[in-house]
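To start, the structure itself, in structure tokens.
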Amino acid sequence: MNTFLWTAISNPQENLGRTFEWLCEQARSASSAGNHEEGYRQARRLLLEPQLGDFLQANCHLLLTSSDDKASVHGEEAVALYQKLIDKGGPGAPLGYYNDLLAEARRLLERARAREAEERQRWAGMTDSQVTKAKVEEILDQLKKDDGEAGPEGEEDAQ
């Protein structure tokens, strides 16, 4: 029997773990390449997997700490999960590696909290519907700006 097939059959949990690792890396790569929304979407989807381990959960939450959707909640989750891994003795990697990830999670959490505080201040005194309308207008303005930068359809900007 093929070695790869035998490994997949004999140890499906390890195979699932490798699949999750690959999917997490795809989310991180998409975000790193500037396709943030795709990376965030993939990370959110991975977090729905009940068998996703603590380390990959932490990595997904860390990625989502840079999103606009509940960023500080994701930052808090990342910090808690990395701390849990450190408390377990840093399974599978040197403890310094986990300490570095924990420090990064704390840094991104503070940044997320600052962004959220600015948002609350910006929209203070407005009703939910006024905030929603203002945000939609900002999105539409950005889309118009992005369309203008792209030039006429089918043409790329001269460089």
Hey, fewest Cβ within 10 Å first, where do Trp123, Trp22 land in order? Trp22, Trp123
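Which FRET efficiency value, to the nearest 0.05, is calculated for Arg120 and Arg45 with the Förster distance at 30 angstrom and r the Cβ-Cβ distance?
Numbers: r = 28 Å, r/R0 = 0.95.
The computed FRET efficiency comes out at 0.60.
Among 109-120, 64-75, what's the highest-first ranking by average C-beta atoms within 10 angstrom per residue? Don't skip to the answer; put the middle values down first.
Working: 109-120: 14.2, 64-75: 19.0.
Going from most to least packed, we get 64-75, 109-120.
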How many nm is it between the label spots at Arg111 and Glu25, if each spot is 7 Å from the Cα in line with the beta carbon? 2.4
Which distance in nm do the two modelled labels at Ala103 and Glu37 give, with both placed 7 Å along the Cα-to-Cβ direction? 3.5
Segment Asp87-Asn15, length gained on full extension (0.36 nm per residue, minus Cα span): 23.3 nm
Taking a crude spin-label model, label points 7 Å out from Cα along the C-beta direction, the Lys70 to Ser129 distance in nm is 2.7
Eligible lysines near Lys135 by straight Cα distance, threshold 24 Å, same-chain separation 8 or greater: Lys70, Lys144, Lys145
Quick one: Cα centre-to-centre distance for the stretch 112-134 and the stretch 20-70, in angstrom? 25
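We did not get these values from a lab; they are worked out from the coordinates using the rules stated. Since this is a predicted model, take the numbers as computed values, not measurements. So basically every Cβ, Gly included, is an ideal-geometry build from the backbone, and we count neighbours across all protein chains shown.
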